[in-house]
Amino acid sequence: MYFHVLTLFPEMITNSLNMSIIGRAVEKDIISLEAVQIRDYTLDKHNKVDDYTYGGGAGMLMQAQPVYDCCEAVQKSIESAGRKRSRVIYVTPGGYTFNQTMAQEFSEEEDLIFLCGHYEGIDERVLEEVVTDYVSIGDYVLTGGELPAMVMIDCISRFVPGVLSNSESAMTESFSDGLLEYPQYTRPEEWHGKKVPEILLSGHHANVEKWRLEQSLEKTKRIRPDLYDSYMEAHPPVIKKKRRKSTQKPLANEETL
Ligand code: ADE
């Protein structure tokens, strides 16, 4: 998968995402990460990429021309490599909120272009021409789109086959089943007077699974009641019927529990 990040601060991307799991995937050529300097495309003789907003108001806006030419250059490089033009994600607090389902959907693309704004944003006319998706990482405002782009690239990459090792992808995680993750423990068995829950030492797999589900349910209900309600709607509790006396004939629609 090919990620292209259009930015005024390419080092932010290249210096941060070339480590750990993502760095390993880049090294193995499973994903490729290109940070493109928008300023390199300005036609302004002073290398300017921003200007005042029409109608007044504080702050500067990124101009249409360098953003458009930068984006077109990247799209052309993708096409000349024999791939189809890419979706262009404008990273903005005014977009749809990013989530795990979106990440999975984006991971099915061959290329993705992220457009990172700075200052007060980007001239609307170029957004209308190049952007296919407006995506935010949450209801708070950051100084630029680079960190959100990195968050999304990290999350999307986890869905790309080969990025995670078997053990990494087998891990049960928050959100994979709509619940928050249960608590986990490693050695030593006792630390600062706190013991690992007895059940985890029992070796009884079914009981361990049951305990983990209970912990997940309790934590999700407390911290994310919205997720808990959706989970309960999708997994209504099974109401056990009273056992009938074995001598009695079962009812026609009675389940065997
Ligand atoms: N740019 C600034 N804040 C942002 C956010 N919360 N999400 C996406 N892009 C942003």
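The values are calculated or read from the model by the stated rules, or taken from the named source; none is laboratory data. All values derive from a computational prediction rather than experimental measurement. Using ideal geometry, Cβ is built from the backbone for each residue, glycine included, and neighbour counts are taken over all protein chains shown.
If you filter the stretch 53-79 down to residues that are of a type in the set (Val, Ile, Thr) and within 13 Å of Leu112 (Cα to Cα), you find that the one that is surrounded by the fewest Cβ atoms within 10 Å (Cβ to Cβ) is Ile78.
The residues of the stretch 126-141 that are within 17 Å of the chain's Cα centre (by Cα) and at negative phi, listed by number, are Asp133, Tyr134, Val135, Ser136, Ile137, Asp139, Tyr140. What about Val26, is it under 17 Å from Leu6 (Cα atoms) and either of a type outside the set (A, V, I, L, M) or in the same structural domain as Leu127 (by TED's automatic domain parsing) (or both)? No. Residue pairs whose Cβ atoms lie under 8 Å apart, sitting 6 or more positions apart in sequence or on different chains, and linking a residue in the stretch 159-184 that is modelled with pLDDT of 80 or more and among the β-branched types (Val, Ile, Thr) to a partner that is surrounded by 14 or more Cβ atoms within 10 Å (Cβ to Cβ) and in a loop (DSSP other than H, G, I, E, B), are Val160/Met1; Val160/Ile30; Val160/Ile31; Val160/Ser107; Val163/Ile30; Val163/Ile31.
Within the stretch 8-29, is there a residue that is among the hydroxyl-bearing types (Ser, Thr, Tyr), more than 27 Å from the chain's Cα centre (by Cα) and either part of a strand (DSSP E or B) or on the phi > 0 side of the Ramachandran plot (or both)? The answer is no, given that none of the residues of the stretch 8-29 is among the hydroxyl-bearing types (Ser, Thr, Tyr), more than 27 Å from the chain's Cα centre (by Cα) and either part of a strand (DSSP E or B) or on the phi > 0 side of the Ramachandran plot (or both).
Residue by residue, here is whether (1) buried (at least 18 other Cβ atoms within 10 Å of the Cβ); (2) farther than 16 Å from Asp154 by Cα holds:
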site	(1), (2)
Tyr2	yes, no
Thr14	no, no
Ile21	no, no
Arg24	no, no
Gln37	no, yes
Lys45	no, yes
Asp51	no, yes
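Of Tyr182, Tyr140, all but one fail to be of a type in the set (Phe, Trp, Tyr) and under 30 Å from Gln63 (Cα atoms); the exception is Tyr140.
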